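**Q** The structure's right below; bear with me while I get my questions together.
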Amino acid sequence: MAVLLFCTVAMACAPAAHAEDGYDLWLRYPPTESARATAYRAQVSQLLAADATPTQAATRAELLRGLRGLLGVTPVPANTVTQAGAVVVGTPSSSPTIARLRLDTRRLGPEGYLIRSVAIDGHAVTVIAADADAGALYGAFHFLRLLQTGQPIAKLDLRDTPRVKLRLLDHWDDLDGHVERGYAGASIWDWHKLPDYLDPRYTDYARANASLGINGTVLNNVNSNALSLTPAYLEKAAALAGVFRPYGIRVFLSARFSAPMEIGGLKTADPLDPAVKRWWRDKADEIYRVIPDFGGFLVKANSEGQPGPQDYGRSHADGANLLADALAPHGGTVMWRAFVYSHEEPDDRAKQAYTEFVPLDGKFRGNVLVQVKNGAIDFQPREPFHPLFGAMPKTPLMMEFQITKEYLGFATHLVYLGPLYEETLKADTHAKGKDSTVAKVIDGSLDGHALTGMAGVANIGAGRNWSGSHFDQANWYVYGRLAWNPTLSSRAIAEEWVRMTFSNEEGVVAPVVDMMMGSREAAVDYMTPLGLHHLMGRSHHYGPGPWVEGGPRADWTSVYYHRANREGIGFDRTAHGSNAVAQYSPYLAREFGDLQRVPEEFLLWFHHLPWDYRTRSGRPLWDELVHRYTSGVDYVRGMRSTWSGLEGKVDAERHAQVAAFLGIQEKEAQWWRDASIAYFQTLSGRPLPAGEAAPAHTLEYYQSLEFPYAPGSGR
Ligand code: GCV
């Protein structure tokens with residue numbers, strides 16, 4: 001085992017002199033403030049870390065990089081623990097020192113770790129121990145996080161294991177470099193140059209994900225192209241898998257259900273056809289020959305025009321099981337999406353996934369996860385949790401969150417999604433009595449599933465700062481941390497992120513965390529207050545479009561969802577309306593259906609109410625709506641002023657971009673407010689409440705705006 005001894009070098013602990021462009025994410029490792037750095041250096045004077053495997057080498061390299069940056073220490077080879085302040089990282093098989101300690105690493109599983117302050121031969125030592133290499137890597141990142149966030153490290157006794165097995169990013173990246181709903185530039189995958197050119201960025205992508213515990217990535221869009229399953233593209237995917245493997249990340253692919261016809265020359269893709277079964281089995285064998293640790297398939301079937309088993313009169317279970325049987329011999333998993341709604345629009349769109357999937361509970365193979373979006377419509381600024389959670393006890397359901405902000409202001413709006421994720425995960429399904437939270441469905445504890453998963457639709461692109469804006473990096477971060485442990489607090493995660501990404505100075509941390517924590521509620525207010533939803537511009541989804549109607553299908557319009565008329569506004573999902581409430585547990589069905597008990601944030605999601613309905617503030621509904629729109633805009637104004645007060649405390653380059661983006665956000669928040677009020681006022685016929693400013697333009701003006709080149713459109 002290679003053993004390294006640190007000698008410290010004098011280093012000025014001034015802020016980084018170079019401009020910060022966001023590339024380094026939360027792994028910047030800037031010099032630590034000097035008093036704290038001195039203390040840390042004494043506690044981190046030696047590093048014992050093996051490098052016999054690629055994962056061990058990555059772990060050691062990350063520790064060296066981090067410690068060098070944070071503490072200004074340079075490693076020198078040595079043999080054993082010879083002084084206080086050694087850091088020992090590894091497993092009982094990679095590290096004789098750890099083996100000697102006889103720690104109970106078995107119970108940590110393949111990805112867990114412990115970090116403990118112990119004495120070895122009379123020296124104070126920090127041990128980062130795991131049962132497998134990946135756990136040691138995660139432990140090393142945790143240790144670095146403690147230093148990055150200025151935590152004491154003298155008396156550590158931590159252990160952590162992930163609560164969710166598959167923690168994935170779903171890339172909606174097309175093979176031509178376009179990213180569906182991507183606002184951070186072109187695809188990070190340069191398919192054309194793969195497999196021969198491996199952009200160093202792929203390694204940094206893996207490092208960033210590993211630092212959060214993300215252990216899988218679906219490389220291509222769920223609106224998939226069968227070409228990604230051809231030999232040439234499998235070779236490219238294999239090259240990426242090779243880069244990611246040392247970081248514990250496995251590659252998955254979105255599979256096009258009709259691939260046997262499109263690239264296999266078959267006349268059908270019927271899941272019960274023997275030739276189709278053989279084709280998928282052969283394809284799986286071929287994939288595992290080039291990617292031995294391939295994770296499996298993600299499938300969008302019979303949804304928004306994608307092919308699927310229903311094209312042949314078969315069920316989603318038939319389709320999923322076909323692929324599951326092909327992958328099973330290799331240990332692969334199928335993630336079958338429940339984002340389905342019929343082309344014929346027979347029923348409230350919010351009800352359709354439940355209607356289709358609940359009867360299939362128990363019919364899926366053991367290596368199938370059904371992937372369910374957090375809400376029943378589509379990643380709206382706010383939705384009640386999806387009624388499927390808690391309703392399919394015999395089937396493991398995995399969560400699908402969206403990290404990219406398709407409906408939350410694209411890249412420029414500062415909207416921290418932690419509270420949205422947390423709200424969903426903490427929601428109580430009441431499926432098995434009180435405290436049957438969505439988090440417990442996802443981590444498998446509610447129904448006893450060992451196969452568990454969470455997916456986040458990535459907000460990563462080829463842009464220099466990865467996510468399109470500095471604050472959007474926080475959404476990648478919080479997603480990863482919650483995928484590891486869905487019970488963490490979004491505020492605590494925001495604080496961690498701010499400390500690592502911007503500064504440990506309290507004068508920065510407190511105001512930025514506060515600003516982030518209220519930002520999602522503000523977006524709800526200026527876009528879709530009180531349970532309104534799906535009111536954005538048609539197809540590109542940029543900006544307000546509450547007037548959107550007509551077109552190919554009613555449930556792609558806004559009027560379908562807000563149902564506003566002269567009398568009132570809102571979607572009646574009670575027993576008098578679509579009765580979507582009945583898809584929740586009886587307790588929640590009563591709560592959501594009862595005007596006295598329904599949480600006000602879901603008022604118009606579940607109820608159609610007259611404009612003069614008295615809300616809990618005492619204001620009539622129309623006045624309350626206007627009030628919410630305005631307070632959303634006011635919050636953005638407040639963020640601008642908070643941020644401008646931080647000038648000089650955050651590096652100039654990032655400060656300037658955030659300030660400019662907040663300016664865009666304020667303009668667009670005002671646009672959302674004004675356009676929405678201008679439109680709804682034509683229906684409510686009511687005056688603006690006293691003190692509320694009239695929209696800056698006429699409704700016709702807002703309706704005339706067109707954005708043919710808005711980024712990220714679907715195709
Ligand atoms: C990948 C929404 C998006 C689509 C996306 C779809 C899905 O409808 O607008 O771009 O397609 O969700 O999740 O499949």
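**Q** Residues Asn459, Asn465: which one is within 16 Å of the ligand (Cβ to nearest atom) and under 30 Å from Tyr23 (Cβ atoms)?
**A** After ruling out the rest, the residue left standing is Asn459.
**Q** Determine which member of the set Thr437, Thr429 is without any contact (Cβ under 8 Å) to a residue 24 or more places away in the chain and within 21 Å of Phe606 (Cβ to Cβ).
**A** Thr437
**Q** Just wondering, is there one or more residues in segment 396-409 that are within 16 Å of the ligand (Cβ to nearest atom), part of a loop (DSSP other than H, G, I, E, B), touching a Phe, Trp or Tyr at 6+ places or on another chain (Cβ under 7 Å) and over 15 Å from Trp476 (Cα atoms)?
**A** yes
**Q** Sticking with this one: Looking for whichever is crowded, with 24+ Cβ neighbours inside 10 Å, at pLDDT 95 or above and either more than 30 Å from Arg100 (Cα to Cα) or of a type outside the set (Gly, Ala, Ser) (or both) here; the options are Ala134, Ala140, Ala130, Ala184. Which one fits?
**A** Residue meeting the stated conditions: Ala184.
**Q** So if I check each of Asp378, Asp293, which one is in contact with a Lys or Arg (Cβ under 7 Å, 6 or more places away or on another chain), closer than 24 Å to Met399 by Cβ and assigned by TED's automatic domain parsing to the domain that holds Leu414?
**A** Asp293
**Q** Going by what's in this entry, would Phe257 be described as in contact (Cβ under 8 Å) with a residue 12 or more places away in the chain and assigned to a loop (DSSP other than H, G, I, E, B)?
**A** In short, yes.
**Q** Only one residue in Thr203, Thr217 is under 25 Å from the mean Cα position of the chain (by Cα) and not in a helix (DSSP H, G or I). Which one?
**A** Every option except Thr217 fails the conditions.
**Q** I'm checking my understanding of the structure. Among residues of segment 120-153 that are of a type outside the set (S, T, N, Q), under 19 Å from Arg41 (Cβ atoms) and assigned to a helix (DSSP H, G or I), which one is farthest from the chain's Cα centre (by Cα)?
**A** Taking the candidates together, the pick is Leu147.
**Q** Scan segment 162-182 residue by residue and report those that are out of contact with any Phe, Trp or Tyr (no Cβ under 8 Å at 6 or more places or on another chain), within 20 Å of Gly112 (Cα to Cα) and part of a loop (DSSP other than H, G, I, E, B).
**A** Within segment 162-182, just Lys165 meets the criteria.
**Q** Here is a follow-up. Within segment 290-326, count every residue that is surrounded by fewer than 23 Cβ atoms within 10 Å (Cβ to Cβ), within 16 Å of the ligand (Cβ to nearest atom) and more than 15 Å from Glu356 (Cβ to Cβ).
**A** Residues that pass the stated criteria total 2.
**Q** Taking segment 213-246 as the search range and keeping residues that are polar (S, T, N, Q) and under 14 Å from Ile188 (Cα atoms), which one is nearest to the ligand (Cβ to nearest atom)?
**A** Asn221
**Q** Of the residues that sit in segment 515-545 and are in the same structural domain as Ser617 (by TED's automatic domain parsing) and farther than 27 Å from Pro620 by Cα, which one is nearest to the ligand (Cβ to nearest atom)?
**A** Within segment 515-545, the match that is nearest to the ligand (Cβ to nearest atom) is His541.
**Q** Oh, and also: Take the residues in segment 421-456 that are aliphatic (A, V, I, L, M) and within 16 Å of the ligand (Cβ to nearest atom), then tell me which one is nearest to Gln380 (Cα to Cα).
**A** Among those that are aliphatic (A, V, I, L, M) and within 16 Å of the ligand (Cβ to nearest atom), it is Ala455.
Condition check ((1) surrounded by fewer than 14 Cβ atoms within 10 Å (Cβ to Cβ); (2) within 16 Å of the ligand (Cβ to nearest atom)) across all residues:
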residue: Gln665; (1), (2): no, no
residue: Trp671; (1), (2): no, no
residue: Ser676; (1), (2): no, no
residue: Phe680; (1), (2): no, no
residue: Gly691; (1), (2): yes, no
residue: Glu700; (1), (2): yes, no
residue: Gln703; (1), (2): no, no
residue: Tyr709; (1), (2): yes, no
residue: Arg715; (1), (2): yes, yes
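**Q** Would you check if Val441 is in a strand (DSSP E or B), buried (at least 24 other Cβ atoms within 10 Å of the Cβ) and in the same structural domain as Ala186 (by TED's automatic domain parsing)?
**A** So Val441 does not fit the description; no.
**Q** List the helices (runs of 4 or more DSSP H) inside segment 619-715, counting only whole elements, that have at least 3 residues being under 33 Å from the mean Cα position of the chain (by Cα) and more than 30 Å from Ala510 (Cβ to Cβ).
**A** 621-644, 652-684
**Q** Among the residues of segment 198-216, count how many are polar (S, T, N, Q) and surrounded by fewer than 24 Cβ atoms within 10 Å (Cβ to Cβ).
**A** Number of matching residues: 1.
**Q** Tell me whether segment 394-406 contains one or more residues that are assigned by TED's automatic domain parsing to the domain that holds Ala320 and surrounded by fewer than 22 Cβ atoms within 10 Å (Cβ to Cβ).
**A** Yes, that holds for at least one residue.
**Q** Scan segment 322-330 and tell me whether some residue there is farther than 17 Å from Arg250 by Cβ and either of a type in the set (Asp, Glu) or touching a Cys at 6+ places or on another chain (Cβ under 8 Å) (or both).
**A** The answer is yes; a qualifying residue exists.
**Q** From the list Glu235, Glu262, pick out the single residue that is in contact with a helix residue (DSSP H, G or I) (Cβ under 8 Å, 6 or more places away or on another chain), acidic (Asp, Glu) and closer than 17 Å to Val222 by Cα.
**A** Glu262
**Q** Return the total of residues in segment 410-438 being buried (at least 23 other Cβ atoms within 10 Å of the Cβ) and under 24 Å from Gln473 (Cα atoms).
**A** Residues in segment 410-438 being buried (at least 23 other Cβ atoms within 10 Å of the Cβ) and under 24 Å from Gln473 (Cα atoms): 12 in total.
**Q** Among the residues of segment 327-384, which ones are within 16 Å of the ligand (Cβ to nearest atom), assigned to a loop (DSSP other than H, G, I, E, B) and aromatic (Phe, Trp, Tyr)?
**A** If the condition is that a residue be within 16 Å of the ligand (Cβ to nearest atom), assigned to a loop (DSSP other than H, G, I, E, B) and aromatic (Phe, Trp, Tyr), then Phe339, Tyr341, Phe379 are the ones that fit.
**Q** Among the residues of segment 454-486, which ones are in contact with a helix residue (DSSP H, G or I) (Cβ under 6 Å, 6 or more places away or on another chain) and in a loop (DSSP other than H, G, I, E, B)?
**A** The answer is Asn459, Ser467, Ser469, His470, Pro486.
The values are calculated or read from the model by the stated rules, or taken from the named source; none is laboratory data. Everything quoted here is computed from the prediction, not taken from an experiment. Glycine also receives a Cβ, built like all others from the backbone with ideal geometry; neighbour counts cover every protein chain displayed.
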